[in-house]
Structure formats: C-alpha cells, structure tokens
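Notes to accompany the following structure.
The values are calculated or read from the model by the stated rules, or taken from the named source; none is laboratory data. Being a predicted model, the structure only gives us computed values, none of them experimental. So basically every Cβ, Gly included, is an ideal-geometry build from the backbone, and we count neighbours across all protein chains shown.
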Amino acid sequence: MHEIIHAVPSEWAASAHVDINTYQDMYRRSVEDPDGFWREQAARLDWIKPFTKVKNTSFAPGNIDIRWFEDGTLNVAANCLDRHLATRGDKVAILWEGDDPSESRSITYRELHAEVCRFANVLKALGVSKGDRVTIYLPMIPEAAMAMLACARIGAIHSIVFGGFSPDSLAGRIGDCRSTLVITADEGLRGGKKVPLKHNTDSALTKTIGDEKVLVIRRTGGEVAMHAGRDFWYHEMAATVSDACPPEEMSAEDPLFILYTSGSTGRPKGVLHTTGGYLLHAAMTHELVFDLKENDIFWCTADVGWVTGHSYIVYGPLANGATSLMFEGVPNYPTNARFWQVIDKHKVTIFYTAPTAIRALMQAGDGPVKSTSRASLRLLGSVGEPINPEAWEWYYRVVGDNRCPIVDTWWQTETGGHLITPMPGATPLKPGSASWPFFGVQPAIVDAEGQIMEGACEGNLVILDAWPGMMRTVYGDHERFEQTYFSAYKNMYFTGDGCRRDADGYYWITGRVDDVINVSGHRMGTAEVESALVAHSGVSEAAVVGYPHDIKGQGIYAYVTLMAGVAPSDALRKELAGWVRKEIGPIATPDLIQFAPGLPKTRSGKIMRRILRKIAEDEFGALGDISTLADPAVVEDLIANRQNRK
Ligand code: ATP
Ligand code: MG
C-alpha cells in the first residue's frame, strides 16, 4: 500500500523537547542503564522520602512481581497541586466546557487545590481511609477530577466506572473491588440528553452487598431520591468541612487506582496501578510525546472513565502544571462542528482524540471543520485503535491544515501511558504507524512459538522488560494477571495485539491477535484490510473478520458503513471487493460484504470484532458478554442482514 513519510518539520526539530539525536541517546541509555535513567527521570516528581532502590521487577513464571522506587514515598495529589501553588497558583488547571456551548468554567491551581482538600475532608467524614476503594460514577464535570485527586490525597483507591454504563455493569464493578463509597451525580448531561446517574446507582445498589454509602454531586438539579443514612449531598457536606487537608504519605507501590479495561475481547479486567511509577510515566509521556510547553492548552477528548482520561486529562497534565481542557459533551452536539468550535473558543494548542471520532466526523465531510479556524492548533494525537491511513491523512490535511504533526500513540489500560509513539520533534511520521518505542520500552515481535523475530517481520507484540507505569496486578486476582499477560510467552509481557515491523524499524499495530484471519495459510491482521476499505471514497468505516470457508479455511467477511449519501448496492459490493484486491492483493479480497449502518462498539468507541465474528459464523445465538456494548440495537440489524446463512 501507499507509504508516505512526513518528515519532521525543521521548526519542530529545533524547538521540541526531544529531537532525533536526543531520542536516540535517551532511548539507548534507558535500556542499557534503566536504574540510572529512571533515577534521573524520577526527579520530575516531588518525593516525601527519596527512594534508594529504582527497579525491582520480575517477569519469571510463578513470580510476576513489579516494583519501582519501592522505598520512596510521595503523594500524587501533592504532586498535581501543592507543588504548583508557588509558581502557578493563578494558572488555569482545568478548563471545563459544558455540554451546552454556553457553559464553561476555569479553575485555577489554587482553587483546585482548595476544592480537592475540601473533597478529601468530605471523604474522611464519610469514613473513607487509606486503602479503601471508592467507585466514581460521574459525568465529565470538574468534580470527577476533584474526586480522583481527593482519593489520592488521603490514599483511597479509586475505581472509575464510565457514566454510560448500566446499573448491572456498575454493580459488578462495585462488587469486584468491594467499594465502600460510590460518588455519583444527580444526572449527567450528554448531547442535550440527561443521564440518570443517581437512579442507576440506586438500581446498582440493590445488587451489591448493600453497605455502601453514596455521595451525590448536584449537576442538573434534577429530582432524585435520597436514602437517609446512605446518601449524602456533596454541597451540603462540603459546607461543613475545612479546605485544609494534609496529603497522606504513600509508598511508591501503594495502589492509586483500579480501572476495568474496555471489554473489547471479553470480561473486563480490574487493572491495578500504583503511585510512583504510574505518575512518573503519565507525566513524562505527557510532556515529551505532546511536547508540552508552559502556555499550551491541552485537550484530550476521552472520558475520565477510560485510562486515557486518567493519564491525559488528570494525572499527566496536572503533574506537569498544564492547563487541561475537560469536555462534558459529545462531538456531534449541537452540530458536527463542536470539536472545532471548542478548539477556537479556548485556543486549544494540542488536541488528542480517537480514530472512532475522527472517522465519524470525516463522514460528515470537510464543511463543519472548514467553518472554523483552528489556528491555535499545533499538534494532534490519536489513541484507541489503529488509525487507518485515510483517516490519518484527513485529520492531518483537513483538521490540522497540513501544519500539525500527529502522534499516533499505542498503549493500553494495562500500560498506564504511551509505549509506542512518535515524538513530534524526532520521528518522521508514517500514517497508520505508531512508529517507535518510548523510553525504557523494549517491544519485540514473536512468532506463534514465542521465538523473537528480527528485522522486518509480522507477529505478536510483546514487551521484554518492565517499565514504571505498567499495571501491577489484576485486582484481587494475581493469577489472572499472570495467566492473561505472561503465560502465552515465558518471561515476556504479551500485549494481545498483532504487529508488523518494517525495514525502518516502525511498528504497525495490525489489530488484536484474537482477530487475526488465516486465509489459505496467509495470516492477516484486520487493520490492513479495513484501511483499504476506508480508503475508498464511499466508505466511512469498516470492520473485517474471518469465517469458516470450505476451501480457504477462513474467508474474509467485511462489514462496511458507507459515507452519508452513498447508497448500498450489489454493484458497490463488487467494486469494493475489486478495490481491496487492487490495494492489497487477491488474497485479501473480501468474500462477503455486508453494509452496516452501525458497528458494535464498546462504550469507548472500539469495534468489537468478537461479536461480528459470531454473526459472520452464523452463530449469533451465543454472543458472549455484551455488557460493555454501547448500542445493543446495532446487533439486531447486523443479524437480520447477515450474508452467511447456513
Ligand atoms: P479488553 O482488554 O477488555 O478487551 P481493550 O483492549 O479495548 O479491552 P483498552 O486498554 O482500552 O481496552 O485498549 C487497549 C487496546 O486498544 C490495545 O491493546 C490496542 O488493541 C488498541 N489501541 C490503543 N491505541 C492504539 C493505537 N494507537 N494503535 C492501534 N491500536 C491501539
Ligand atoms: Mg486489552
């Protein structure tokens, strides 16, 4: 397929924190002398008691044990707030944009510090102490960040559940980590619609042990039932406590949070992150990958319910003293131009979003983008799924006006922060490739037997050694941790993703290993075929899976969403099959193409190919866990119009 390289613009090479020489020197040092490298980098954080040990990690079978800076102590909230007060007290920490374009709020570091202390005192008054688990089920309001930081301040472990999840999913997550407090709001507001968060919490709590308390933040003023003795209004309690609360001294290895993965491949895992290593990784990647400068306005469009929101709305930006924009709404409300209007309104300089949003906005055409200026933008980012080169080019050309580099950041809930990513002053960009490893990250590609392959190759992506931000365990189930990530290949962390490395050493994520298709003995990632389909002007989104085929072993089944205004037809089916054949080769020609108005996605917007595979196999009776699906109605249409009927 076409391979375009965007060279590093000379102004970027000259002004960025990291240029190509710095990247190479720092990378070499990070793997040759991890102790020395990370000892220096850890000076990014304020330690209460300095550490003496740096790295103490083992990927050995039966002894998976990850510790960084283990005898040091610090507090995450103090690192995100207190230490900025002297120099950045009046700087805006959180710039909040409401669902309704007429609503916004700026909160300075000084104000955020006071409110977090108050919040922490409310938590204490409710009996929460160090080590307790607190479930946060909130909309995208500043109180979500305050709740996280308040937990961190007193050493409680937060577990955020995305506000779009159902009462059942919420109950499961409250129960799994035995939370004693749930923080929610009366209602959320998204795309002009109200989300009954308190009501959902009430339903969830009929399915839990039942000793939880509920702290309710007033967002809309909508009416909710309050259960005496169990439910408490935040604003009432906050009025009774002081805004002084000393930060708890935490060990670097004390838990900071639990977060359930998005569930693309099955039952979500309660990923546990700890204090020192996680914060260092979040802060360092946020500064270097986004080339953060003092006056940047940084906007990550993720929800705080996902790891991207944890690391790049709250912990990374605030640890760096940056201004972080938090958006309550959705990309298409009131119109498809909302993202771009918010960029103009707040003069956003760095914009970080997901391919699912880019493809959806691309489907609406260039008009809404071109109705805005976006002159403040200097850097774009992508995360969540492989970004198809076609969508990359649109993002680059139309959104960034050919001016802004794009960092395509590959990482996972488990990894805490970016692992494979360009750096804008150092890395020539290849659209669709996450490019090179971040400092301290040693990726490798293995074949089915676990043999490490050299040079240009394709196989399964593993990481050979520990990095500070990695997860420490699956909460309450260390065996599942070992089983999931360390049993496929001995002494290596298995990512679950397929990957290709080209002759220039660039990494290309080809999709999830579970989704690899084997056509007549040729193994194929889903990303390449999907990208070829999306490159056709009539296609906005595509998902490809394998299904049993008498001759080839597996055939290729493609689900295709068309651009607005393009009509489905048999002729178009033929055209698309021929198009892929021409773009990639005969082996990749789809056998069956189904036009789908919508694809099944997780609530974070990732395509769930597991479900599409079942439908393609004509086995739609057993779809497995679909509790994390965003819109179950999509599935009915897919089943009704399936192409492979036995
Ligand atoms: P589960 O593990 O429960 O199936 P999930 O993998 O979707 O859920 P996340 O941790 O949110 O949960 O997603 C991480 C995955 O997202 C990666 O393993 C990869 O498949 C995909 N991903 C993230 N960023 C990128 C990227 N820049 N390029 C390609 N794939 C990406
Ligand atoms: Mg995963």
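What is the number of the single condition among (1) crowded, with 17+ Cβ neighbours inside 10 Å; (2) in a loop (DSSP other than H, G, I, E, B) that Ala145 does not meet?
(2)
One line per residue, one yes/no per condition, for (1) touching an Asp or Glu at 6+ places or on another chain (Cβ under 8 Å); (2) not charged (D, E, K, R):
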residue: Glu294; (1), (2): no, no
residue: Phe298; (1), (2): no, yes
residue: Thr301; (1), (2): no, yes
residue: Pro334; (1), (2): no, yes
residue: Lys347; (1), (2): no, no
residue: Arg359; (1), (2): yes, no
residue: Gly365; (1), (2): no, yes
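Looking at region 441-486, which of its residues are of a type in the set (D, E, K, R) and closer than 24 Å to Trp508 by Cα?
Asp447, Glu449, Glu454, Glu458, Asp465 - these are the residues of region 441-486 that are of a type in the set (D, E, K, R) and closer than 24 Å to Trp508 by Cα.
Within region 306-322, can one find any residue that is among the aliphatic types (A, V, I, L, M), buried (at least 24 other Cβ atoms within 10 Å of the Cβ) and in a strand (DSSP E or B)?
No, the conditions are met nowhere in region 306-322.
Tally time: how many residues in region 463-521 are over 27 Å from Ala283 (Cα atoms), away from ligand 2 (no atom under 16 Å from the Cβ) and under 22 Å from the mean Cα position of the chain (by Cα)?
1
Run down Ala543, Ala532 and say which single residue is touching a residue at least 60 places away in the same chain (Cβ under 8 Å), part of a strand (DSSP E or B) and within 21 Å of Gly432 (Cα to Cα).
Testing whether each residue is touching a residue at least 60 places away in the same chain (Cβ under 8 Å), part of a strand (DSSP E or B) and within 21 Å of Gly432 (Cα to Cα) leaves just Ala543.
Which one of these is within 16 Å of ligand 2 (Cβ to nearest atom) and surrounded by fewer than 23 Cβ atoms within 10 Å (Cβ to Cβ): Thr413, Thr372, Thr409?
Thr413
Condition first: of a type in the set (Gly, Ala, Ser) and in contact with a Ser or Thr (Cβ under 6 Å, 6 or more places away or on another chain). Now tell me which residues in region 310-324 satisfy that.
Scanning region 310-324 gives no hits.
Pairs, please: C-beta under 9 Å, at least 6 apart or cross-chain, first residue under 27 Å from Val513 (Cβ atoms) and in a loop (DSSP other than H, G, I, E, B) and in region 262-287, second within 16 Å of ligand 2 (Cβ to nearest atom) and aromatic (Phe, Trp, Tyr)?
Final answer for the pair search is Ser262/Phe162; Ser262/Trp306; Pro268/Tyr260; Lys269/Tyr260; Lys269/Tyr475; Lys269/Phe481.
Going residue by residue through region 380-399, is there one that turns out to be under 21 Å from Asp19 (Cα atoms), away from ligand 2 (no atom under 16 Å from the Cβ) and of a type in the set (Asp, Glu)?
There is no residue in region 380-399 that is under 21 Å from Asp19 (Cα atoms), away from ligand 2 (no atom under 16 Å from the Cβ) and of a type in the set (Asp, Glu).
Of everything in region 233-262, what is within 16 Å of ligand 1 (Cβ to nearest atom), touching a Lys or Arg at 6+ places or on another chain (Cβ under 8 Å) and of a type in the set (A, V, I, L, M, F, W, C)? Give them in sequence order.
Ile258
Residue under question is Ala60, and the condition is that it be at pLDDT 95 or above and in contact with a helix residue (DSSP H, G or I) (Cβ under 7 Å, 6 or more places away or on another chain); does it hold?
The answer is no for Ala60.
Please specify each residue of region 231-261 satisfying the condition of being surrounded by fewer than 16 Cβ atoms within 10 Å (Cβ to Cβ) and touching a residue at least 24 places away in the same chain (Cβ under 8 Å).
Thr240, Ser242, Asp243, Ala244, Glu249
Do we have Thr206 as assigned to a helix (DSSP H, G or I), in the same structural domain as Cys117 (by the TED database) and of a type in the set (S, T, N, Q) here?
no
Can you tell me which residues in region 174-197 are part of a helix (DSSP H, G or I) and surrounded by fewer than 24 Cβ atoms within 10 Å (Cβ to Cβ)?
Passing the criteria: Gly175, Asp176.
In this structure, is Thr356 in a helix (DSSP H, G or I) and either at pLDDT 95 or above or within 16 Å of ligand 2 (Cβ to nearest atom) (or both)?
yes
How many residues, within region 338-380, are small (Gly, Ala, Ser) and closer than 20 Å to Glu328 by Cβ?
Residues meeting the conditions: 3.
I need the helices (runs of 4 or more DSSP H) fully contained in region 12-112, keeping only those with at least 3 residues that are in the same structural domain as Glu482 (by the TED database), within 25 Å of the chain's Cα centre (by Cα) and small (Gly, Ala, Ser).
none
Suppose we keep only residues that are closer than 20 Å to Thr265 by Cα and away from ligand 1 (no atom under 15 Å from the Cβ) within region 501-528. Which one would you say is surrounded by the fewest Cβ atoms within 10 Å (Cβ to Cβ)?
Result: Asn518.
Give region 118-140 a look and list any residue that's more than 19 Å from Ser179 (Cβ to Cβ) and either out of contact with any Cys (no Cβ under 7 Å at 6 or more places or on another chain) or surrounded by 24 or more Cβ atoms within 10 Å (Cβ to Cβ) (or both), or say none.
Across region 118-140, the qualifying residues are Arg118, Met140.
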